[in-house]
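The values are calculated or read from the model by the stated rules, or taken from the named source; none is laboratory data. This is a predicted model, so every value here is computed, not measured. A quick note on method: Cβ atoms are made from the backbone with ideal geometry, for glycine too, and the neighbour counts reach across all protein chains shown. All accessible areas refer to the heavy atoms of the entire protein, side chains included, with ligands and DNA or RNA removed. Shrake-Rupley method; radii C 1.70, N 1.55, O 1.52, S 1.80 Å.
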Amino acid sequence: MSLGYVLRRLLSAIPLLLGISVILFAIIHLAPGGPLDMYTENPAVSKEALAQIAAAYGLDQPVPVQYVLWLKSMVLGDWGYSIRTGRPVLSEIVLRLGPTLELGGLALLISLLLAIPLGIISASRRGSKLDSSLTLASFAGISIPVFWLALLLQLLFSVQLGWLPSAGYKSIGGGDFMDRLSHIVMPAAVLSLATIASWSRFIRSGMIDVLNQDYIRTAYAKGRSERGVVILHALRNALIPAVTVIAVDFATVISGAVITETVFAWPGIGRLFMESMDGRDYPMLMGLMMMGSLGIILANIIADLAYASLDPRIRYG
Amino acid sequence: MADISAPAISARPPQSYGRRVVKRFLRHRGAVFGLVFLLLLALTVILGPFFSPYTYDGQDFMLIGSPGPMTAQHWLGTDELGRDMMTRLMHGGRVSLAVGLAGAIIATIAGTLVGALSGFYRGWTDTILMRATDVMLSIPTLPLVLLLSGLFRPSPPLLVAIVGMLIWMGTARLVRSQFLALREREFVEAARALGAGGARLMFRHILPNAIGPITVSATLAVGSAIMLESALSFLGFGIQPPVPTWGNLLNSASSWLSVAPWLAIPPGLLILFTVLAVNFLGDGLRDAMEPRE
């Protein structure tokens, strides 16, 4: 894989991002009403003051002009100011990105730690009772509504048993490791369930493909133990196709994060999105949507590159 | 049917494609369960409300204030406004199933059209349509629906159209790859030699050969549409009360979770079982219609 290919992939993201920004900008700015609606009904805010606020945010300009201005400053790193809080969009997003990364990182860790063994077990006992129960479980995991699972966990562990706090990032005045762990456990479990279910299926089918290959038979013939064959020879190659799925699921995880953070009052960017929806905070919504799209595009590029570098049979220009 | 029972040369007459599909489908237990469940569910939510003594927005003024427990009159309890939950669930089921079906139909038509044009004409048509597909795939779906729904406040039919227009991309890529492969086959060349034009080649000759994968992805789209609408309604941006959907029933139940947990169980269970049944059905159809051998 050449540096040129990496650069080409990165450059190909630019027209994609431009297309996305045009669509999102059009949706957000052509919608009826606007962020200043909350002032129009307020008799204390005069028409002149309203016009002044609109001018300050550039909302008095035609939409295409607004777009060009937005694009120009976006490229220069100025993502505008939140209408709700008055603070810079980018720094607000970065501030709220921390909790989301914590939650997403833990969910990713849980998913990998559970999906890989589950997939291996399923594949090596193919057709057994255990395999079919795991298949059923993964179907259920993909089909369960995230928000309902969240409610059920809250009901069981917070309302009935009282073991875990029902929502929030940390207790007031608290914040030591155990306190934060008790807050993050439920949202992380909810966020990881769907990915555990789908990844374990992919690892299972990857393993089954690999286990049927000649070099696996050779390894057995050399006298390697079952465990040695599965872990040393098969798993490495079975994980390669799974890399693609991790990238594809990134988009699902973003949707899941919006729901999870809302139900558990987790102060990440998913919740920031819902808060910004309430106030029609145009610059913030635009920034968050672009951030999410950028994440999805980067995840796909990384998956492609990883795929190419892990599998020596694949060569991209 | 006496004429068919003429002495057979081979012991087993060759089965038609449809026959084989049905046979393979019936071997998939999960898919059969799924189909039966969906049919029973559809029957219940369509006919059920006619047998219910309550309407979905009818209030029992004696029960207003807080959710009522499960009783002989109200099997699944009442909500805080004194409305019968069982009746509301059945009406919600009508909405959810209708959204799922209509959303999937829209997504399948859009996806098939994009994929067919892309795979058949290739060249710049393909480039433009696939870049558009990439763009749609790169915007996170749920936030985008939230944005559209929150800013435009669409009517329920328009909302369904929006849901459908956000989940067509998988179908488009699938149909494109089918068309790319099928357009090179001899029967297409033969039809072209006989003077068939683009539209006729695409929809009369190629499309019927891709019907298996399209059916599977249409089935799975029903599940995605139901899930997406439920999430939207749960977050308060979908179909608005007093019209019940499983999602907004869960939304209102969530504020009474500690007092009336029985309200939060049935809507979620119904979403889970419905989506599960749809996914099993899709899996069974895949096994039946596109055997890997």
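Being hydroxyl-bearing (Ser, Thr, Tyr), buried (at least 16 other Cβ atoms within 10 Å of the Cβ) and at the interface with chain A (Cβ under 7 Å from one of its Cβ atoms) is the filter here; which residues of segment B:254-293 pass it? Break it down into steps so the answer makes sense when it comes.
To start, the set of residues in segment B:254-293 that are hydroxyl-bearing (Ser, Thr, Tyr) comprises B:254-255, B:258, B:274.
If we keep only those that are buried (at least 16 other Cβ atoms within 10 Å of the Cβ) as well, we get B:254, B:274.
Within segment B:254-293, just B:SER254 meets the criteria.
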Only listed residue being away from chain B (no Cβ under 14 Å) and either among the acidic types (Asp, Glu) or outside any loop (DSSP other than H, G, I, E, B) (or both), chosen from A:LEU17, A:LEU97, A:LEU24: A:LEU97
Qualifying residue in segment B:213-227 (condition: within 15 Å of B:LEU89 (Cβ to Cβ), within 14 Å of another protein chain (Cβ to nearest Cβ), part of a helix (DSSP H, G or I) and at pLDDT 90 or above): yes
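Return yes or no: is A:ASP60 closer than 21 Å to A:LEU272 by Cα, surrounded by fewer than 15 Cβ atoms within 10 Å (Cβ to Cβ) and out of contact with any Cys (no Cβ under 9 Å at 6 or more places or on another chain)?
Working: closer than 21 Å to A:LEU272 by Cα: no; surrounded by fewer than 15 Cβ atoms within 10 Å (Cβ to Cβ): yes; out of contact with any Cys (no Cβ under 9 Å at 6 or more places or on another chain): yes.
No: the conditions fail for A:ASP60.
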Only one of B:ARG94, B:ARG122 that is more than 14 Å from chain A (Cβ to nearest Cβ), under 30 Å from B:ILE206 (Cα atoms) and surrounded by fewer than 24 Cβ atoms within 10 Å (Cβ to Cβ): B:ARG122
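May I ask you to list the residues in segment A:100-135 that are of a type in the set (Val, Ile, Thr), more than 14 Å from every other protein chain (Cβ to nearest Cβ) and open to solvent by less than 60 Å² (accessible area, probe 1.4 Å)?
Step one: filter segment A:100-135 for residues of a type in the set (Val, Ile, Thr), giving A:100, A:110, A:116, A:120-121, A:135.
Filter once more, keeping what is more than 14 Å from every other protein chain (Cβ to nearest Cβ): A:110, A:116, A:120-121.
A:ILE110, A:ILE116, A:ILE120, listed by residue number.
What number of residues within segment A:264-278 are touching a residue at least 40 places away in the same chain (Cβ under 8 Å) and open to solvent by 20 Å² or more (accessible area, probe 1.4 Å)?
Adding up the residues that qualify gives 5.
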Subset of segment A:232-263 [open to solvent by 50 Å² or more (accessible area, probe 1.4 Å), within 9 Å of the chain's Cα centre (by Cα) and not aromatic (Phe, Trp, Tyr)]: A:THR252
Among (1) assigned to a helix (DSSP H, G or I); (2) acidic (Asp, Glu); (3) open to solvent by 40 Å² or more (accessible area, probe 1.4 Å) - the single one A:GLU92 does not satisfy: (3)
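Test A:ARG204 against the stated conditions and say whether it is within 28 Å of A:LEU134 (Cα to Cα) and either open to solvent by less than 80 Å² (accessible area, probe 1.4 Å) or within 25 Å of the chain's Cα centre (by Cα) (or both). Outline the logic, then answer.
On the way: within 28 Å of A:LEU134 (Cα to Cα): yes; either open to solvent by less than 80 Å² (accessible area, probe 1.4 Å) or within 25 Å of the chain's Cα centre (by Cα) (or both): yes.
Taking the combined requirement at face value, the residue satisfies it.
In the set A:TYR215, A:TYR220, which member is of a type outside the set (Lys, Arg), touching a His at 6+ places or on another chain (Cβ under 8 Å) and open to solvent by 60 Å² or more (accessible area, probe 1.4 Å)? Reasoning before the result, please.
Numbers: A:TYR220 fails: touching a His at 6+ places or on another chain (Cβ under 8 Å).
None of the others qualify; the one that does is A:TYR215.
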Complete set of residues in segment A:253-296 that are at pLDDT below 90 and of a type in the set (S, T, N, Q): A:SER255
Among (1) modelled with pLDDT under 75; (2) open to solvent by less than 30 Å² (accessible area, probe 1.4 Å) - the single one B:VAL45 does not satisfy: (1)
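Against the condition among the hydrophobic types (A, V, I, L, M, F, W, C), more than 20 Å from the chain's Cα centre (by Cα), modelled with pLDDT of 90 or more and in a helix (DSSP H, G or I), how does A:ALA137 come out, does it pass? Working first, answer last.
Working: among the hydrophobic types (A, V, I, L, M, F, W, C): yes; more than 20 Å from the chain's Cα centre (by Cα): yes; modelled with pLDDT of 90 or more: yes; in a helix (DSSP H, G or I): yes.
When the stated conditions are applied, A:ALA137 passes them.
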Matching option when the condition is away from chain B (no Cβ under 14 Å) and open to solvent by less than 60 Å² (accessible area, probe 1.4 Å), among A:SER73, A:SER138, A:SER143, A:SER158: A:SER73
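Kindly establish whether A:VAL65 is over 26 Å from the mean Cα position of the chain (by Cα) and surrounded by fewer than 12 Cβ atoms within 10 Å (Cβ to Cβ).
On the way: over 26 Å from the mean Cα position of the chain (by Cα): yes; surrounded by fewer than 12 Cβ atoms within 10 Å (Cβ to Cβ): yes.
Against the criterion (over 26 Å from the mean Cα position of the chain (by Cα) and surrounded by fewer than 12 Cβ atoms within 10 Å (Cβ to Cβ)), A:VAL65 qualifies.
For segment B:196-226, give me each residue that is of a type outside the set (S, T, N, Q) and either touching a Cys at 6+ places or on another chain (Cβ under 8 Å) or within 15 Å of B:ILE105 (Cα to Cα) (or both).
Kept after step one, since they are of a type outside the set (S, T, N, Q), are these residues of segment B:196-226: B:196-208, B:210-214, B:216, B:218, B:220-223, B:225-226.
Hits for segment B:196-226 are B:ILE211, B:PRO213, B:ILE214, B:VAL216, B:ALA218, B:LEU220, B:ALA221, B:VAL222, B:GLY223, B:ALA225, B:ILE226.
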Selection from segment B:129-141 of residues that are open to solvent by 10 Å² or more (accessible area, probe 1.4 Å), within 7 Å of chain A (Cβ to nearest Cβ) and closer than 18 Å to B:ALA221 by Cα: B:THR141
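Could you tell me whether segment B:137-153 includes any residue that is over 30 Å from A:VAL248 (Cβ atoms) and among the aliphatic types (A, V, I, L, M)?
So the first thing to find is which residues in segment B:137-153 are over 30 Å from A:VAL248 (Cβ atoms), and the list is B:153.
Going one step further and asking which of them are among the aliphatic types (A, V, I, L, M), we end up with none.
No: segment B:137-153 contains no residue that is over 30 Å from A:VAL248 (Cβ atoms) and among the aliphatic types (A, V, I, L, M).
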Complete set of residues in segment B:233-253 that are part of a loop (DSSP other than H, G, I, E, B), open to solvent by less than 10 Å² (accessible area, probe 1.4 Å) and modelled with pLDDT of 90 or more: B:THR245
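What residue, among those in segment B:74-90 that are open to solvent by 40 Å² or more (accessible area, probe 1.4 Å) and within 28 Å of B:SER224 (Cβ to Cβ), is farthest from the chain's Cα centre (by Cα)?
Initial filter on segment B:74-90 (open to solvent by 40 Å² or more (accessible area, probe 1.4 Å)): B:75-76, B:80-81, B:86.
Then drop every residue that is not within 28 Å of B:SER224 (Cβ to Cβ), which leaves B:76, B:86.
Numbers: B:LEU76: 27, B:MET86: 23 Å.
Filtering first and then ranking leaves B:LEU76.
Suppose the filter is surrounded by fewer than 21 Cβ atoms within 10 Å (Cβ to Cβ) and within 14 Å of another protein chain (Cβ to nearest Cβ); does B:THR71 pass it?
Values: surrounded by fewer than 21 Cβ atoms within 10 Å (Cβ to Cβ): yes; within 14 Å of another protein chain (Cβ to nearest Cβ): no.
Judged against the criteria, B:THR71 is not a match.
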Residue count for segment B:197-223, restricted to those that are open to solvent by less than 20 Å² (accessible area, probe 1.4 Å) and of a type in the set (Gly, Ala, Ser): 4
A:PRO32 vs. criteria facing chain B (nearest Cβ under 9 Å), farther than 30 Å from B:THR127 by Cα, open to solvent by 60 Å² or more (accessible area, probe 1.4 Å) and modelled with pLDDT of 75 or more: yes
Scan of segment A:165-188 for residues that are among the aliphatic types (A, V, I, L, M) and either within 14 Å of chain B (Cβ to nearest Cβ) or open to solvent by 40 Å² or more (accessible area, probe 1.4 Å) (or both), ordered by number: A:ALA167, A:ILE172, A:MET178, A:LEU181, A:VAL185, A:MET186
Any hit, segment B:274-288, residues being basic (Lys, Arg) and under 24 Å from B:MET165 (Cα atoms): yes
Filtered residues of segment B:123-162 (kept if closer than 22 Å to A:SER276 by Cβ and touching a residue at least 60 places away in the same chain (Cβ under 8 Å)): B:THR141, B:LEU142, B:VAL145, B:LEU146, B:SER149, B:GLY150, B:LEU159
Selection within segment B:142-186 - within 14 Å of another protein chain (Cβ to nearest Cβ), more than 30 Å from B:MET202 (Cα to Cα) and open to solvent by 40 Å² or more (accessible area, probe 1.4 Å): B:PHE152, B:ARG153, B:SER155
